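Reviewing the structure listed below.
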Amino acid sequence: MNRSGSPCRFCHSPDAVPVQNLDLSWAMRCQACSAQGPSAADADQAWVAWAPSSHGEDLFRTVIDESPDIILMKDWDGRFLLGNRQLARLYGTTPEGLVGHDDGAFNPNQEQVAFYLENVRSIMRAGVTETVMESSTDVETGEVRHFQSVKKPLNGPDGRPRILVIAHDITDLKRAHEAIEERERSYAYAMDAAGEGIWDWDIRSNIVTHNVKWCELFGFEPHELAHPIEDFTGLLHPDDRAEVQQVLEEALTGSGSYQHEHRMARRDGTVLHVFDRGKVVERDEFGRATRMAGAVSDITARVHDEHRLRVTTEALIDANISLESKVEERTAELARANEGLRTLAWRDALTGLPNRLAGMERLTSEFARIKRSDVASSILMMDVDLFKPVNDTYGHGAGDDVLCHIATLIRQSLRVGDFVARFGGEEFMALLPDTDLAGATVVAEKIRTTIEQSPERTVGTVTISIGAALADSSDPDMDIAVRRADAALYDAKRSGRNRVVTLVRVDDLA
């Protein structure tokens, strides 16, 4: 039975031939890769089992060709006994084209080829599976790809050593790792250039990890990059330690952010002023802080500059005290002068009461309030009876005394919140806010009787006539109410003096 020339289902070599097992059953063995097919009753059955229609072998071929990893088998000389489609694609050939050739037939990088051969032989000699990091050059693009390869040594059916390799492409992962390392290097360079001491506190272990700059700041050796948290608290100035620890605790249990300016001592005892800040970056499932990271800056020079500036500023302040004192004195003099002018403008010089100008200003503001609140107020117009004979009989000095006497009695008779002004000569005006005519009449009678019953020391008994009028929101302005009060006063004079007359409207006057 001559069946030579049939293809091997593993390596596609045409050198698969039938062989007889010790139990006299038949199988197919590849003379190239030594793969052996399943037993059969005779050679013909062996050929049938080995034929391309074999479902199990088709499935095996499909599995290795569809795998994203490179799968291959080599002999002692580095020749491929088996290779899947991923390896063939890398080398620009077919799975069939790999068989019987070594890496040098496809890979132009002879250094890589020499490494592959030495490495697989070393593993086959040791007889132990190894995981190897290696690189290979893509034939079409020239790109170097990186792999993590599991290499398992085997013995073929003929007893000769073989090696099975499954290589996982880690090029993208390696490039991402290299990019991260480059960013970390750039960050470290930037932090060193900025003079920042970086710290990372693992709260669970209470270990703080630093960069070299932190060690330089506080006098540690460059290799002393990890310390217990107690080393940090031990560097804090005794007067600042409690406050710093309190702020840190508040950050850990609350906001998560920490920043503070304080003093810290270097190992040689030199005191530095620092600005330290950090943030909680990790918490456990219960919300407890487990990691905090931050940076510390040396602000000693800034603090010293601020101190010098403060001393200079205090010296300037001291130098200007005399000038400021003089300015304050002059300002007080001007204020007193202005107050005097205001008094002259708004006060009656004889009685001390507000004058007519102040009275009209108060009436205007009161009328605006009446319009807003729709609550009426009352006005009293008052005139001293028979004042001219007093001046003629006793003189103007006595007349002035009478006016002061009357002003004092009116003021004493008014309620809190009432207003009185001298309107001129012997005439006075009183404003009674939120008061109707009945209430105004009561106040007016009190004023009249008080004056009548309080003789002046020179002149004796003096009387006064009073006109009362209501000011409400129906009036177009306060002048109408003043005219009504004047009309009522005129009626009181005409009716015999020393009395109170009320008038609601001007037309009420007969």
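The values are calculated or read from the model by the stated rules, or taken from the named source; none is laboratory data. Note that the structure is predicted; figures quoted are calculated from it, not measured. FYI the Cβ positions are ideal-geometry reconstructions off the backbone, even for glycines, and counts take in every protein chain you see. Areas reflect the complete protein model, heavy atoms only, side chains present, ligands, DNA and RNA absent. Shrake-Rupley method; radii C 1.70, N 1.55, O 1.52, S 1.80 Å.
Numerical summary
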read-out: Accessible surface, region 201-281, averaged per residue in Å² (probe 1.4 Å); value: 54 Å²
read-out: Sequence-separation-based contact order of region 372-510, relative, with Cα cut under 8 Å and 6+ spacing, percent; value: 31 percent
read-out: Counted charge near LEU164, where neighbours are those whose Cβ lies closer than 11 Å (Asp, Glu -1; Lys, Arg +1); value: +4
read-out: Share of carbon and sulfur in the accessible heavy-atom surface of region 198-239 [1.4 Å probe, %]; value: 55 percent
read-out: Point-to-point label distance, GLU111-THR171, nm (Cα→Cβ direction, 7 Å offset); value: 1.8 nm
read-out: Mean Cβ neighbour count within 10 Å, used as a protection proxy, ranking 134-143, 462-471, 306-315 highest first; value: 462-471, 134-143, 306-315
read-out: Cβ-defined net charge surrounding ARG175, 13 Å radius [Lys, Arg +1; Asp, Glu -1]; value: -3
read-out: For region 304-395, accessible area per residue (1.4 Å probe, heavy atoms of protein chains only), Å²; value: 69 Å²
read-out: Cβ-defined net charge surrounding SER135, 13 Å radius [Lys, Arg +1; Asp, Glu -1]; value: -3
read-out: Debye, to nearest 20: dipole size of region 361-510, +1 on Lys, Arg Cβ, -1 on Asp, Glu Cβ; value: 220 debye
read-out: ALA179-ASP158 pseudo-label distance in nm [points 7 Å out on the Cα-to-Cβ vector]; value: 4.9 nm
read-out: Computed over region 175-275: relative contact order in percent, which uses C-alpha pairs under 8 Å that are six or more apart; value: 17 percent
read-out: Full-stretch length increase - ASP138, THR463 - with 0.36 nm per residue and alpha-carbon distance subtracted; value: 104.3 nm
read-out: Lys/Arg +1, Asp/Glu -1 at C-beta; region 70-181 dipole; positive extreme among ALA105, SER136, GLY83; value: GLY83
read-out: Computed over region 120-234: relative contact order in percent, which uses C-alpha pairs under 8 Å that are six or more apart; value: 14 percent
read-out: Value of D in µm² per second that Stokes-Einstein yields for region 288-355, Kirkwood Rh from Cα pairs, at 25 °C (0.890 mPa s); value: 137 µm²/s
read-out: Two-site FRET efficiency, ARG302 against ASP268, from Cβ-Cβ distance with R₀ of 22 Å, rounded to 0.05; value: 0.55
read-out: Pair ALA438, LEU316: separation of 7 Å Cα→Cβ label points (nm); value: 7.0 nm
read-out: Per residue solvent-accessible surface (Å²) - region 399-475, probe of 1.4 Å; value: 38 Å²
read-out: Accessible surface of region 332-411 [probe 1.4 Å, protein heavy atoms]: carbon and sulfur percent; value: 57 percent
read-out: With every protein chain in place, region 99-142: carbon and sulfur % of accessible area (1.4 Å); value: 50 percent
read-out: Estimated FRET transfer efficiency when R0 is 45 angstrom, pair GLU328-ALA226 (beta carbons, to 0.05); value: 0.15
read-out: Cα-based shape type of region 350-415, given that a ≥ b ≥ c are square roots of the gyration tensor eigenvalues and the cut on a/c is 1.5; value: prolate
